[in-house]
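What follows is a set of notes on a single structure, which appears directly below.
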Amino acid sequence: MSKVITRTVQAQLIVRPPAARPLTPALRYETDDPLAVRIVFPAEISLDGAEVAWAFSRDLLAEGLRGVAGEGDVQVRPDGPERTVVELHAGEGVAVLEFRTADLERFLRHSYELVPAGAERALLDLEEGFAALLRGV
């Protein structure tokens, strides 16, 4: 049975420095997808009125709390001792979000209590994943 951790956090969408817009996205971790974390944006802030979720590596988030991490669509880096910046790159542009580092650390700590680092692969159903890929072919 899947277990899910969801934490609503405060964030700032950096529009044009120093302007920012407050947001309340949720951070989500699911044991069915133990290698990933998600930032879930509420429907009321999206252009099409639907909830939007960005999934990326839990390790990337952890690394980004200590230093610059990520080379692709998601990049994470510290912004001083109390803030962490998450950049989300899409065809439409870049969203720059600023989180309290303590909120991200707390969320990650709870996710590691649920699935310790290094134990993720034991939860993956690789045979079902491959079967699903082959069904899509």
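The values are calculated or read from the model by the stated rules, or taken from the named source; none is laboratory data. The model shown is predicted, which means the values in this text are computed figures rather than measured ones. Don't worry about glycine lacking a Cβ; one is built from the backbone with ideal geometry, like all the others, and counts go over all protein chains shown. Accessible surface areas use protein heavy atoms only, side chains included; no ligands, DNA or RNA. Shrake-Rupley method; radii C 1.70, N 1.55, O 1.52, S 1.80 Å.
Structure data summary
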quantity	calculated
Surface share of carbon and sulfur [accessible, 1.4 angstrom probe, percent] for the chain	53
Most positive-pole-ward Cα, Leu23, Ala95, Val52, against dipole of the range 1-117 from beta carbon charges	Leu23
Length gained when the stretch Thr6-Arg135 is fully extended (0.36 nm per residue, less Cα-Cα span)	43.3 nm
Order of exposure, largest accessible area first, which applies to Tyr29, Tyr112 with probe 1.4 Å	Tyr112, Tyr29
Charge dipole (debye, nearest 20) of the chain; +1 at Cβ of Lys and Arg, -1 at Cβ of Asp and Glu	420
C-alpha long axis of helix 101-114 to longest principal axis of the chain, angle in °	10
Rounded to 10°, Cα long-axis angle of helix 126-136 versus longest principal axis of the chain	80
Per-residue [θ]222 nm for the chain (sum of -39500 (n - 2.57) over DSSP H runs n ≥ 4, rounded to 500)	-8000 deg cm²/dmol
